[in-house]
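Presented below is the structure to which this report refers.
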Amino acid sequence: MQELQKEVDDYIGQFKEGYFSPLAMMARLTEELGELAREINHYYGEKPKKASENEKEIADELGDMLFVLICLANSLNINLEESHNKVMHKFNTRDKDRWTKKD
């Protein structure tokens, strides 16, 4: 995850504008989530695509979300690997007996 954060930071760092504000990135993340929801709805829901709509891939939409999420974390100096480790600790302790385990 640190490599991904560095790669995104190196990319953004080449532009004078730098990172957008956290609020702007939150709006962009919401926009990307909407695009992901639309694609999932087309593939797995009851709403088919219009003939005029371009084909998009769910993986591409997830990639867009990941990029913006990394931008947001970088702009706030948040280490996503540490955040991931904290949440996994929570799931492995607090929620360890919440779900039915496979045999």
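Apply the a/c threshold of 1.5 to the C-alpha gyration tensor of region 61-103 and tell me whether it is rounded, prolate or oblate.
Judged from the Cα gyration tensor, region 61-103 comes out oblate (a/c at least 1.5, b/c at or above a/b).
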#### Entry: Computed [θ] at 222 nm, deg cm²/dmol, the chain (DSSP H ≥ 4; -39,500 (n - 2.57); rounded to nearest 500)
-22000 deg cm²/dmol
### Summary
Using eta = 1.002 mPa s and T = 20 °C, Stokes-Einstein with Kirkwood Rh from Cα pairs puts D for the chain, in µm² s⁻¹, at 132 µm²/s
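Any read-out appearing in this document is the output of simple, stated calculations on the displayed coordinates, not a laboratory observation. It should be emphasised that the depicted structure is a prediction, and the values quoted were computed from it without experimental measurement.
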